[in-house]
Amino acid sequence: MTEIIPGLQGSIPSNSKKGIPFVAVRKKVAACAKHDVGDGGATKGINENNTVIDWHGLFSIHMPGYYNAIINGVSTVMISYCSWNGVKMHGNYNLITGFLKDTLKFRGNLSILSSRTELFGFVISDWQGLDRITSLPLANYSYSIQLGIHASIDMVSSFDIEITHSLTCCGFHQEQLTRFMNDLTFQVKNNIIPMSRINDAVKRILRVKFQMGLFENPLADTSLVHELGSKPVLPLPQRANKILVAGRHADNLGYQSGGWTIEWQGLDGNNLTEAIKKTVDPKTKLVYKENPNTKYVKSNKFSYAIVVVGEQPYAETFGDGMNLTISYPGSGTITNVCVALKCVVVAISDRPVLIKPYLACIDALVAAWLPGTEGQGVADALFGDYAFTGKLPRAWFKSVDQLPTNVGDPHYDSLFPFGFGLATAPNKGH
């Protein structure tokens, strides 16, 4: 299995030492060997259980894969939830620092190779791995942080993740993140965790990122899209077994029109769903459900989903504010549908709204602005009768804390930059 590493990272150059992490830039990614160690030997095969075995058995049965991974230049190693003879791996200094980093030399030696510095690899915790060092998770979180970081975990992977209408499907729970940062900072300031340990972790992580070229090329390389195994999501197929249309804005003409429509603050109506009905194949079954739960989505065998969400209509002062969020229950609709099914999210708003927390869950995002009575125009582009060609007239922010954000600002760092927009080709015959 370790032969996959050169495929992911690129082959180690012939003039480089074996066992030193290497990632060729642009077309390659950092590989991860996991879950170190003994993950497959847990008692009765139970997940996160105790692996009971002596030193000889551990090294002869469970360790060879990690040795070969390091020889092949793997960049990262993830630690196991399991215990070895009752000691949680996430806090096992002897096996992470003593054996993995010191004996197996998962650290590298600095030398110059083609004007780049060869790298140390780094160690990652599993999801909530530090939390679970204690038998009851989070029972003594400060101690768990101390034990895990001291054991030589360099990167702590995500905190408590929840799927609710108020949180994202793929984001950090803010309270947990804050608690971790505060506890870690306190322990460093009070020399419980030495600063040298933090410096070592930061150096390892940054060196791998530099080797990958992430600072020179921080954004996705869209020139490689044609090499992906899957087809682009858009345009959507007009002929499908069953399509789910969800979201309060999908069947509400007033929401699609915005303020100053008939009335000052706009009004209710209906439309975009009707346009989709007119566009798809007559044999395609179309189901509209405003805010379905995940169980409903999974159990109805939909081919794909179109989720239409956005802001409520407003005019003048009623649009002021620093939230710029998708109106309730739109965020919950996205998570309920898009974690279970291939989906396109259509954002109905007259300005950028907070969308970054949901990007990892969705397959395509369309900024439809306020299409008004012309929902058919949106449907035409969704299903390929016409191409998407639009470009953003302003930068789309990552978080409201950045606002205002404009091209040329000293700290300009947008989610989608000014002028961004992916183009599609219309279906043949249109």
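The values are calculated or read from the model by the stated rules, or taken from the named source; none is laboratory data. Here the structure is a predicted model, which is why all the values come from computation and not from measurement. Counting neighbours? That spans all protein chains shown, and the Cβs are built from the backbone with ideal geometry, glycine included. SASA here: full protein model, heavy atoms, side chains in, ligands and nucleic acids out. Shrake-Rupley method; radii C 1.70, N 1.55, O 1.52, S 1.80 Å.
Scanning segment 34-57 turns up one or more residues that are basic (Lys, Arg) and on the phi < 0 side of the Ramachandran plot.
For LYS391, the conditions (1) modelled with pLDDT of 90 or more; (2) open to solvent by less than 20 Å² (accessible area, probe 1.4 Å); (3) within 30 Å of PRO218 (Cβ to Cβ); (4) not aliphatic (A, V, I, L, M) all hold with the exception of (2).
Here PHE186 passes the criteria (1) at pLDDT 95 or above; (2) among the hydrophobic types (A, V, I, L, M, F, W, C); (3) part of a helix (DSSP H, G or I); (4) touching a Leu at 6+ places or on another chain (Cβ under 9 Å) except the one numbered (4).
Screening ASP385 with (1) open to solvent by less than 70 Å² (accessible area, probe 1.4 Å); (2) among the acidic types (Asp, Glu); (3) free of Cβ contacts under 8 Å to residues at least 24 places away in the same chain gives one miss only, at (3).
Okay, residues lined up against (1) among the charged types (D, E, K, R); (2) modelled with pLDDT of 85 or more; (3) out of contact with any Gly (no Cβ under 7 Å at 6 or more places or on another chain):
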position: TYR143; (1), (2), (3): no, yes, yes
position: CYS169; (1), (2), (3): no, no, yes
position: ARG179; (1), (2), (3): yes, yes, yes
position: ASP200; (1), (2), (3): yes, yes, yes
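Restricting attention to segment 332-351, which residues are open to solvent by 10 Å² or more (accessible area, probe 1.4 Å) and of a type outside the set (A, V, I, L, M, F, W, C)? Answer for segment 332-351, where residues must be open to solvent by 10 Å² or more (accessible area, probe 1.4 Å) and of a type outside the set (A, V, I, L, M, F, W, C): ASN336, LYS342, ASP350, ARG351. Residues that are in contact with a strand residue (DSSP E or B) (Cβ under 6 Å, 6 or more places away or on another chain), among the aliphatic types (A, V, I, L, M) and open to solvent by less than 60 Å² (accessible area, probe 1.4 Å) do occur in segment 354-363, at least one of them. The residue that is least open to solvent (accessible area, probe 1.4 Å), counting only those in segment 249-260 that are closer than 18 Å to ASN291 by Cα and out of contact with any strand residue (DSSP E or B) (no Cβ under 7 Å at 6 or more places or on another chain), is ASN252.
The residues of segment 33-62 that are part of a strand (DSSP E or B), open to solvent by less than 60 Å² (accessible area, probe 1.4 Å) and under 24 Å from VAL74 (Cα atoms), listed by number, are ALA33, HIS35, ASP36. Here GLY86 meets the list (1) open to solvent by 30 Å² or more (accessible area, probe 1.4 Å); (2) small (Gly, Ala, Ser); (3) modelled with pLDDT under 90 almost entirely, failing just condition (3).
Each row is one residue, and each column tells you yes or no for (1) in contact with a strand residue (DSSP E or B) (Cβ under 8 Å, 6 or more places away or on another chain); (2) open to solvent by less than 60 Å² (accessible area, probe 1.4 Å).
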site	(1), (2)
ASN15	yes, no
LYS28	no, no
ALA31	yes, yes
PRO64	no, yes
SER75	yes, yes
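Each row is one residue, and each column tells you yes or no for (1) modelled with pLDDT under 90; (2) under 23 Å from the mean Cα position of the chain (by Cα).
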{"position": "TYR358", "(1), (2)": "no, yes"}
{"position": "ALA368", "(1), (2)": "no, no"}
{"position": "THR373", "(1), (2)": "yes, no"}
{"position": "GLY384", "(1), (2)": "no, no"}
{"position": "PRO417", "(1), (2)": "no, yes"}
{"position": "ASN427", "(1), (2)": "yes, no"}
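Would you pick out the residues in segment 316-328 that are more than 22 Å from the chain's Cα centre (by Cα) and not small (Gly, Ala, Ser)? Passing the criteria: GLU316, THR317, PHE318, ASP320, MET322, ASN323, TYR328.
Of the candidates ALA347, ALA367, the single residue that is over 27 Å from ASN241 (Cβ atoms), free of Cβ contacts under 8 Å to residues at least 60 places away in the same chain and in contact with a strand residue (DSSP E or B) (Cβ under 7 Å, 6 or more places away or on another chain) is ALA367.
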